[in-house]
Amino acid sequence: MHILFHRPTPWTSTINCSTKIYSRLFSQLGYKVSYLQSNINLIHYFFKYGYFKVWNQGNRFENNIWVCSCLSLFPYLDNIPIFSKYFIKLSYLITIPPLRKVILNSGYGEPDFIWTTIPGSIYLKKVFPKSKLIFHCIDNYSAYRGSTIKSIESDDYDFSDHIFVIGESLSNFLTNEYKIDPNKITNLGQGVNIKAYSKKYKKPEELNSFKGPIAIWVGVLSKIDFDLFKIVSKHLAEKNGAIIIIGPNTTGMEFSGFNNIKYLGPKSSSDVPRFLQYSDIGLMLYNRKNKEIYKGQHPLKLYEYCAAGLEIISTPHSEFEYIKPPVNVIQNESDLEKLMKKILSSKLNKNIDALKFAEENSWSKCRDKASLVLKNL
């Protein structure tokens, strides 16, 4: 079978999103796989910004996966009342070259399945009307993209042949908010590549200057709660420890006043286990200003931290109620102050409960669950 995966995350990006992971996993099973990145529009093309560099890399095979994108004559706009659906529709239907031709150039034929995470991308069904449409809901989209997206989402869920979600919180949200039949939804959960943590790595040179405990954050930096990070930094400084930050979207200037906060920039997904293996505490301290955003979130970093056996500190996530992870949840600054004192008062060993949790949640289990749904469809 041929699966067309669709997500904005560039194939060459250091961010190893779940859609890229599933693309590789299904390709390894023998499926024909295409990965459609975000299309660029004329503004990107003429001013050479945004996804232009991604598009300019050209359509190509990467380890048997057809990686591609198009030039759309209309921009994808999801925040304009009334007109958003028209812009989104035209952004998929009027491209150079035609989107259908770009996908068929793979030689894999028409997709049997379209697996998409982008609101409004159901118009890919217009391009491939015989394909089954799977919408993979990975976020509470309206929480950070505005209420206009709700009518677009509603169409996505109504016209999809099936819906995958990353957690039980999102599943409940779809059934309550959008009145989706629960039988149409499958919770794939999230996973981790256990093998990546099974070998011993050489200690990264960037960590050699710190003799005490190491706390680490891996992910998009715009989601960090800086006030909480300052508290962690203060307590680690008393033990000659440090916070290591890995991720895109910042210059690192936010931490310029802290000698024990080291920003390393983005790292490849294959390099991350090396840093986690030599860390002690995994940080999941998210910005608390817009709590709606995190109601449906189920961060991949949780599973990476667990696979490395870290002690984990997190702000609340609705999903924790269902998965019961080995995580220390704090509500405020006072909770964090007490927790840091407690954690640093004893020797930091590998968290056995975290290791067990990771072993129970491999990506291969998620893939097998998805594969069964596809075969039934």
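Beyond 19 Å between alpha-carbons counts as too far, so tell me which of Lys179/Lys301; Lys132/Lys375; Lys211/Lys262 fall in that bin.
Checking Cα-Cα distances, Lys179/Lys301 exceed 19 Å.
Return the distance in nm (one decimal) between the two label points of a simple spin-label model at Lys369 and Lys199, each offset 7 Å from Cα along Cα→Cβ.
2.9
With both bridge residues required to lie in the chain, what share of the DSSP beta bridges run antiparallel, to the nearest 5%?
Antiparallel: roughly 10 percent of the beta bridges in the chain.
Nothing charged except the Cβ atoms of Lys and Arg (+1) and of Asp and Glu (-1): what's the magnitude of the dipole of the range 167-239 about its Cα centre? Round to the nearest 20 debye.
520
Arrange the residues Ile194, Ile138, Ile245 by how much accessible surface each exposes, largest first, with a 1.4 angstrom probe.
Working: Ile194 60, Ile138 25, Ile245 0 Å².
Per-residue accessible area, sorted high to low, gives Ile194, Ile138, Ile245.
Using a Cα-Cα cut-off of under 15 Å, which aspartates and glutamates could be cross-linked to Lys89, ignoring same-chain neighbours fewer than 8 residues away?
Cα-Cα hits under 15 Å: Asp78, Glu153, Asp155, Asp156.
Going Cα to Cα from Lys202, which aspartates and glutamates come in below 14 Å? Please leave out same-chain ones fewer than 8 positions away.
Asp271
Name the residues whose placed amide hydrogens come within less than 5 Å of the amide hydrogen of Lys267, ignoring near sequence neighbours (fewer than 5 apart) on the same chain.
For Lys267, the qualifying residues are Gly247.
Which of the pairs Lys20/Lys199; Lys20/Lys267; Lys295/Lys342; Lys130/Lys365; Lys291/Lys347; Lys101/Lys195 have their Cα atoms more than 26 Å apart in this structure?
Checking Cα-Cα distances, Lys295/Lys342; Lys130/Lys365; Lys291/Lys347; Lys101/Lys195 exceed 26 Å.
For the range 267-273, just list the computed ³J(HN,Hα) in residue order, Karplus coefficients 6.51, -1.76 and 1.60, θ = phi - 60°, integers in Hz, with x standing in for Gly and Pro.
The phi angles translate into 10, 5, 4, 6, 8, 4, x Hz.
Using only the alpha-carbon atoms, how far is helix 168-177 inclined from the longest principal axis of the chain? Give it as 0 to 90 degrees, nearest 10.
With both axes taken from Cα atoms, the answer is about 50 degrees.
Give the long-range amide H neighbours of Ile261: residues separated by 5 or more places, or on another chain, with amide H under 5 Å away, using H modelled in the peptide plane at 1.01 Å from N.
Ile243
Could you grab the Rg to Rh ratio for the chain? Cα atoms only, Kirkwood for Rh.
Computed over Cα atoms, the ratio is 0.97.
Would you mind working out the accessible area per residue for the range 212-345, using a 1.4 Å probe, and quoting it in Å²?
Per residue, the range 212-345 has 41 Å² of solvent-accessible surface.
I'd like the Karplus ³J(HN,Hα) series for the range 133-146: coefficients 6.51, -1.76, 1.60, θ = phi - 60°, whole numbers in Hz, and an x wherever there's a Gly or Pro.
Working through the residues one at a time gives 9, 10, 9, 9, 7, 10, 7, 7, 4, 5, 5, 10, 10, x Hz.
Using helices alone, I'd like the mean residue ellipticity at 222 nm for the chain: each DSSP H run of four-plus residues gives -39500 (n - 2.57), total over residue count, nearest 500.
-9500 deg cm²/dmol
Report the charge-dipole magnitude of the range 5-66 in Debye, nearest 20, computed about the Cα centre from +1 at each Lys and Arg Cβ and -1 at each Asp and Glu Cβ.
That gives a dipole near 20 debye.
Just to confirm, what accessible area per residue do you get for the range 1-68 at 1.4 Å probe, in whole Å²?
Details: 3150 Å² over 68 residues.
Here the per-residue accessible area is 46 Å².
Nearest-5 percent of antiparallel DSSP beta bridges in the range 220-377?
Taking every DSSP beta bridge within the range 220-377, about 10 percent pair in antiparallel fashion.
For the range 247-344, rounded, prolate or oblate, judged on the Cα gyration tensor with a ≥ b ≥ c (square roots of eigenvalues), a/c < 1.5 rounded, else prolate if a/b > b/c?
On the way: a/c = 1.31, a/b = 1.21, b/c = 1.09.
It comes out rounded by the Cα gyration axes.
Non-local amide H neighbours of Trp66 (under 5 Å, H modeled in plane, Pro and chain starts lacking H): which ones?
Val33, Ser34, Tyr35
Assign unit charges at the C-beta atoms only (+1 for Lys and Arg, -1 for Asp and Glu), then state the dipole size of the range 1-155 relative to its Cα centre in Debye, rounded to the nearest 20. Can you show the working numbers first?
Numbers: 17 positive and 7 negative charges, 44 e Å.
For this selection, approximately 220 debye.
Highest mean first, how do 146-155, 302-311 rank when packing is the count of other Cβ atoms within 10 Å averaged over residues?
302-311, 146-155
Which whole-Hz ³J(HN,Hα) couplings does the range 311-326 yield from phi under the Karplus relation 6.51 cos²θ - 1.76 cosθ + 1.60, θ = phi - 60°, glycine and proline marked x?
Taking θ as phi minus 60°, the curve returns 7, 10, 10, 9, 6, x, 10, 4, 5, 4, 4, 9, 9, 6, x, x Hz for the range 311-326.
Round to a whole number: what % of the accessible area of the chain belongs to carbon and sulfur, probe 1.4 Å?
52
With an 8 Å cut-off on Cα pairs and a minimum separation of 6 or more residues, tell me the relative contact order of the chain in percent.
Details: 675 pairs, mean separation 50.8, N = 377.
Here the relative contact order equals 13 percent.
Looking at the range 216-310 only, what percent of DSSP beta bridges run antiparallel? Nearest 5 please. Display every interim value, and only then the final one.
Values: 1 of 9 bridges.
Of the beta bridges lying entirely in the range 216-310, close to 10 percent run antiparallel.
Relative to the longest principal axis of the C-alpha atoms of the chain, give the angle of the C-alpha long axis of helix 363-376, reported between 0 and 90° and rounded to the nearest 10°.
Tilt of helix 363-376: around 20 degrees.
The values are calculated or read from the model by the stated rules, or taken from the named source; none is laboratory data. Everything numeric in this text was worked out from a predicted model, so none of it was measured. Glycine also receives a Cβ, built like all others from the backbone with ideal geometry; neighbour counts cover every protein chain displayed. For the accessible areas, the whole protein counts, side chains as well, though only heavy atoms, and no ligand, DNA or RNA atoms are used. Shrake-Rupley method; radii C 1.70, N 1.55, O 1.52, S 1.80 Å.
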